[in-house]
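Visitor: This structure is in structure tokens; I'll ask about it shortly.
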Amino acid sequence: MNKTTIQKIRIDIISNEQSALSILMDHEGRISRQGSGTLPADEFEVMSNNDGSIFSALIDAIDEKVFEHAGIYNHPDKTGQPITYSIAFLGEEPDISVFEFRLGTETEDVGELMPYFDQFISKAVLATNQWYEAEKARAAEERVDES
């Protein structure tokens with residue numbers, strides 16, 4: 001896989017069978033998000049369209065060398081709460097590159113790849129935070145207006 005063939009990015013963080021974060025975005029600007037990556041889980045979910053600049057910025061930030069390391073990393077030490085990080089880059093079928101990290105919230109010595117994707121996830125959350133929080137506030141106002 002290379003960066004030019006990526007059409008969608010999917011990010012999920014699941015802990016204690018709760019979705020702490022779910023982001024799906026595509027190169028055309030469609031974006032959906034639930035949560036902030038922390039527990040207790042934020043159940044608010046929103047989807048909308050933008051100009052695709054967030055997707056482009058995230059793709060630009062990826063080093064293509066990571067794709068050769070795609071796979072499932074099941075850490076033997078799951079100290080703390082069990083947590084799974086899943087990052088998928090989707091191109092045309094079957095051009096898919098998935099990284100899944102299964103560990104604990106207190107697990108140490110996670111190697112170099114997990115911190116790399118932790119930074120990538122943080123960039124995705126930061127890039128969508130203003131939009132996500134504004135949509136949450138708007139939805140809350142609409143609920144108040146309906147009451």
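Visitor: When the residues of segment 25-48 are narrowed to those that are in a strand (DSSP E or B) and of a type in the set (G, A, S), which ends up surrounded by the most Cβ atoms within 10 Å (Cβ to Cβ)?
Guide: That would be G35.
Visitor: Pairs under 9 Å by beta carbon, first residue touching a residue at least 12 places away in the same chain (Cβ under 8 Å) and at positive phi in segment 8-32, partner in a strand (DSSP E or B) and aliphatic (A, V, I, L, M), six or more apart or different chains?
Guide: N16/I83
Visitor: Kindly check whether there is at least one residue in segment 80-95 that is assigned to a strand (DSSP E or B) and farther than 24 Å from Q7 by Cα.
Guide: Yes; the residues of segment 80-95 include at least one that is assigned to a strand (DSSP E or B) and farther than 24 Å from Q7 by Cα.
Visitor: Moving on to the next point. Scan G71, G37, G80 and give me the residue that is among the small types (G, A, S) and closer than 16 Å to Q130 by Cβ.
Guide: Matching residue, one of G71, G37, G80: G37.
Visitor: For R102, only one of the following conditions fails: (1) within 16 Å of the chain's Cα centre (by Cα); (2) in contact (Cβ under 8 Å) with a residue 60 or more places away in the chain; (3) outside any helix (DSSP H, G or I). What is its number?
Guide: R102 satisfies all of (1) within 16 Å of the chain's Cα centre (by Cα); (2) in contact (Cβ under 8 Å) with a residue 60 or more places away in the chain; (3) outside any helix (DSSP H, G or I) except (2).
Visitor: Out of the residues in segment 61-79 that are among the small types (G, A, S) and either touching a Pro at 6+ places or on another chain (Cβ under 6 Å) or not in a strand (DSSP E or B) (or both), state the one that is surrounded by the most Cβ atoms within 10 Å (Cβ to Cβ).
Guide: So the residue we want is A70.
Visitor: Quick test for you: out of D109, D118, pick the one residue that is exposed (fewer than 11 other Cβ atoms within 10 Å of the Cβ), under 22 Å from P76 (Cα atoms) and of a type outside the set (K, R).
Guide: Testing whether each residue is exposed (fewer than 11 other Cβ atoms within 10 Å of the Cβ), under 22 Å from P76 (Cα atoms) and of a type outside the set (K, R) leaves just D109.
Visitor: Taking the options L90, L58, name whichever one is closer than 22 Å to Q130 by Cβ and under 14 Å from the mean Cα position of the chain (by Cα).
Guide: Matching residue, one of L90, L58: L58.
Visitor: Looking at segment 49-60, which of its residues are buried (at least 19 other Cβ atoms within 10 Å of the Cβ) and either in a strand (DSSP E or B) or touching a Lys or Arg at 6+ places or on another chain (Cβ under 9 Å) (or both)?
Guide: The answer is F55, L58.
Visitor: Give me a count of the residues in segment 40-69 that are free of Cβ contacts under 8 Å to residues at least 40 places away in the same chain, within 27 Å of E108 (Cα to Cα) and not acidic (D, E).
Guide: The total comes to 3.
Visitor: Sticking with this one: Please specify each residue of segment 1-24 satisfying the condition of being of a type in the set (A, V, I, L, M, F, W, C) and in a loop (DSSP other than H, G, I, E, B).
Guide: Scanning segment 1-24 gives M1, I6.
Visitor: I'd like to check something: does segment 108-120 contain any residue that is more than 19 Å from S22 (Cα to Cα), modelled with pLDDT under 95 and outside any loop (DSSP other than H, G, I, E, B)?
Guide: Checked segment 108-120: at least one residue is more than 19 Å from S22 (Cα to Cα), modelled with pLDDT under 95 and outside any loop (DSSP other than H, G, I, E, B).
Visitor: Right, next: Just to be sure I understand, how many residues within segment 62-84 are within 14 Å of the chain's Cα centre (by Cα) and within 17 Å of K8 (Cα to Cα)?
Guide: Residues flagged as within 14 Å of the chain's Cα centre (by Cα) and within 17 Å of K8 (Cα to Cα) within segment 62-84 amount to 1.
Visitor: Pull up segment 69-107, narrow it to residues that are in contact with an Asp or Glu (Cβ under 6 Å, 6 or more places away or on another chain) and not hydroxyl-bearing (S, T, Y), then point me to the one that is nearest to S19 (Cα to Cα).
Guide: G80
The values are calculated or read from the model by the stated rules, or taken from the named source; none is laboratory data. Just so it is clear, the model here is predicted, and its values are computed rather than measured. Don't worry about glycine lacking a Cβ; one is built from the backbone with ideal geometry, like all the others, and counts go over all protein chains shown.
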